[in-house]
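Asks: What follows is a structure written as structure tokens; I'll ask about it next.
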Amino acid sequence: MNSCYLNCQIADYETATSFLGEWGRFQQRIFFFLCLSFIPNGLTALSAVFLVDTPAHRCLLPAHLNLSAAWRNSSIPLEEDASRGGASEPSRCSRYKLEHLLNYSDRGLLPGVDVNLSTVPTEGCLDGWQFDHSVYTSTVVTEWNLVCNASWKKPFTSSIYFGGVLAGSFVSGQLSDRLFGRKIVMFGTIGLQVVTTLIQIFSSNWIMFVVLYFLLGVEQISNYLVAFVLGTEILGSWVRTLFSTAGVSLFFAVGYMLLPLLAFFMRDWRQLQVGFMLAGCLSLPLFWFIPESPRWLLSQGRIEEAEVIIQNAAKINNIEPPAVIFRPLKVRTEETKAHNIFDLLRSPNIRWLSVTMWLVWNTMTISYYALSLNTANLHGNPFFNCFLSAVVELPAYSLSWLMFRWCSRRLSLCSLLFAGGLFIFIIQLVPAPITFEMMGKFFVSTVFAILYAYTAELYPTVLRTTAVGACSTASRIGSLFAPYFIYLRTYSVSLLYILVGSLTALTGLLSLLLPESFGMPLPDTISQMQSFPG
């Protein structure tokens with residue numbers, strides 16, 4: 001069976017399956033079960049907030065040292081802490097030289113009275129660190145001492161995970177499109193995610209942990225993207241729109257809200273991983289309730305299998321299916337040109353559109369993940385701050401659906417990015433920054449939901465999936481750098497908000513160069529695309 005015949009079959013899929021209706025029991029089951037599969041994704045996507053958090057710490061003093069209580073209490077020099085606004089706090093990475101302290105203690109001298117502490121030489125934490133366990137029993141940072149000279153490993157750990165997400169964006173599409181189909185890849189990666197998490201619980205060193213964390217990133221984004229595609233291919237037009245905007249985003253946000261609750265009761269990072277593993281196990285039984293995509297089966301020439309799925313759907317909906325569902329159509333003799341990712345850069349019009357969209361996607365991802373991962377550094381309870389950051393996404397995704405239905409795409413994107421950037425920028429200027437940080441997160445989350453659908457409207461049918469995939473892949477580069485924006489707090493708290501806020505606001509102005517797609521018909525070919533105003 002030739003490819004043109006298959007393309008015609010797929011193009012008529014909506015008509016051939018229209019007898020099923022839009023919202024029968026079959027569609028309701030697919031919608032609900034697929035949405036449920038996104039909850040574990042929301043639970044684990046930002047797990048680094050708690051897994052890689054850094055508790056308060058100071059140099060460890062060996063217990064056997066014969067130091068007086070006064071010298072033990074004064075063994076750590078005071079330093080200005082940039083992450084705390086320049087306030088003087090005990091050093092986290094140095095102590096006074098123990099040989100001097102022992103000498104002063106043996107002679108009965110008192111710190112600050114008989115000895116000027118500013119004249120006492122210092123040394124590093126040669127005996128390790130003493131961590132505050134009032135918030136966490138243990139984290140990856142406390143397990144392998146990712147502090148001081150090894151503090152670069154903390155943002156690198158998060159970046160390794162997002163590197164896996166980047167790789168998974170490539171791998172999942174190839175595996176699900178060309179080899180195994182949607183269902184096998186979706187549940188296969190869920191199963192692999194459970195196994196990888198189980199092995200990661202027994203990590204014996206940091207290298208082993210980050211290698212497994214990379215694999216978790218590959219597996220997590222793979223089942224997320226494939227479940228998204230599976231839902232859009234099975235569900236009808238208006239249910240598909242609801243699923244791809246509110247359905248996916250809101251259930252992801254529910255999983256995100258469960259993260260701080262789970263972390264609150266499981267203060268040890270290994271126990272928290274057990275919770276993630278069990279959440280993944282709960283998704284595996286959905287394998288018996290979610291079918292393969294009939295559209296994909298048709299594209300592979302497996303028409304009989306596709307018809308069996310549609311017949312079962314009709315049975316669930318109490319509808320009598322026609323004897324033959326997918327009929328051969330008269331095909332055109334003209335050859336259909338194959339398109340690939342290089343077409344996104346071939347002509348000046350689509351090239352500048354693609355470059356602009358990739359910049360917007362990158363900024364959106366940097367802002368979203370920088371604000372989400374930064375919740376553990378805010379003043380107050382880290383569990384409540386993370387929960388609040390997740391709750392903010394619920395009205396944001398609801399607003400995105402309303403704006404996408406009624407408002408200009410370009411003006412919506414510009415206003416949301418500019419407002420989000422403005423709130424992020426002025427966080428440094430207000431005494432209670434949590435409110436402004438949540439407002440910035442609200443606007444950025446709204447952009448996150450709108451941008452997927454807006455991108456699909458701008459590109460033609462022959463390149464739509466390729467374009468959305470390329471934009472999503474480009475955005476993963478932004479997620480790789482997001483942890484390092486947070487790392488800037490080490491040098492100045494304001495630097496994080498100045499850079500992210502300015503970048504977000506300027507990108508909002510840049511988005512005015514994009515064409516408007518509200519109320520416009522979807523382009524089918526490259527020649528039907530609107531011109532790039534910029």
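The values are calculated or read from the model by the stated rules, or taken from the named source; none is laboratory data. In this text, all values refer to a predicted model and were calculated from it rather than measured experimentally. In this analysis, Cβ positions are derived from the backbone assuming ideal geometry, glycine residues included, and neighbour counts consider all displayed protein chains. We work out accessible area using only protein heavy atoms, side chains counted, and drop any ligands, DNA or RNA first. Shrake-Rupley method; radii C 1.70, N 1.55, O 1.52, S 1.80 Å.
Asks: Among the candidates ALA376, ALA370, which residue alone is open to solvent by less than 10 Å² (accessible area, probe 1.4 Å), part of a helix (DSSP H, G or I) and of a type outside the set (S, T, N, Q)?
Replies: None of the others qualify; the one that does is ALA370.
Asks: Related question: Looking at the range 235-253, can you tell me whether even one residue there is part of a helix (DSSP H, G or I), in contact (Cβ under 8 Å) with a residue 40 or more places away in the chain and under 30 Å from SER138 (Cβ atoms)?
Replies: Yes: one or more hits.
Asks: Residue by residue through the range 58-67, note down the ones that are out of contact with any Lys or Arg (no Cβ under 7 Å at 6 or more places or on another chain), surrounded by 14 or more Cβ atoms within 10 Å (Cβ to Cβ) and touching a residue at least 40 places away in the same chain (Cβ under 8 Å).
Replies: LEU60
Asks: Let me ask another. Suppose we filter SER91, SER105, SER75 for residues that are closer than 30 Å to LEU272 by Cβ, hydroxyl-bearing (Ser, Thr, Tyr) and open to solvent by less than 70 Å² (accessible area, probe 1.4 Å); which single one remains?
Replies: Answer to the check: SER91.
Asks: Let me ask something else about it. Within the range 154-169, can you find the residues that are surrounded by fewer than 24 Cβ atoms within 10 Å (Cβ to Cβ), of a type in the set (S, T, N, Q) and more than 23 Å from ALA467 (Cβ to Cβ)?
Replies: THR157, SER159 - these are the residues of the range 154-169 that are surrounded by fewer than 24 Cβ atoms within 10 Å (Cβ to Cβ), of a type in the set (S, T, N, Q) and more than 23 Å from ALA467 (Cβ to Cβ).
Asks: Within the range 438-459, work out how many residues are under 11 Å from LEU371 (Cβ atoms) and more than 18 Å from the chain's Cα centre (by Cα).
Replies: Qualifying residue count, the range 438-459: 1.
Asks: Please enumerate the residues belonging to the range 338-367 that are open to solvent by 60 Å² or more (accessible area, probe 1.4 Å), in a helix (DSSP H, G or I) and modelled with pLDDT under 85.
Replies: ILE341, PHE342, PRO348 - these are the residues of the range 338-367 that are open to solvent by 60 Å² or more (accessible area, probe 1.4 Å), in a helix (DSSP H, G or I) and modelled with pLDDT under 85.
Asks: Residue pairs, Cβ under 6 Å, 6 or more apart or interchain, first in the range 402-423 and assigned to a helix (DSSP H, G or I) and at pLDDT below 90, second open to solvent by 30 Å² or more (accessible area, probe 1.4 Å) and among the aromatic types (Phe, Trp, Tyr). List them.
Replies: Pairs found: ARG409/PHE518.
Asks: For the range 98-136, how many residues meet the condition of being at negative phi, outside any helix (DSSP H, G or I) and not hydroxyl-bearing (Ser, Thr, Tyr)?
Replies: So the count comes out to 21.
Asks: Could you check the range 379-393 and list, in sequence order, the residues that are in contact (Cβ under 8 Å) with a residue 40 or more places away in the chain and surrounded by fewer than 18 Cβ atoms within 10 Å (Cβ to Cβ)?
Replies: HIS379, GLY380, PHE384, VAL391
Asks: Please work out if ALA63 is on the phi < 0 side of the Ramachandran plot, among the aliphatic types (A, V, I, L, M) and either touching a strand residue (DSSP E or B) at 6+ places or on another chain (Cβ under 8 Å) or assigned by the TED database to the domain that holds GLY275 (or both).
Replies: For ALA63, the condition - on the phi < 0 side of the Ramachandran plot, among the aliphatic types (A, V, I, L, M) and either touching a strand residue (DSSP E or B) at 6+ places or on another chain (Cβ under 8 Å) or assigned by the TED database to the domain that holds GLY275 (or both) - is not met.
Asks: Still on this structure: Please find, among SER531, SER517, SER479, SER472, the residue that is under 24 Å from ARG351 (Cα atoms), open to solvent by 50 Å² or more (accessible area, probe 1.4 Å) and out of contact with any strand residue (DSSP E or B) (no Cβ under 7 Å at 6 or more places or on another chain).
Replies: It is SER531.
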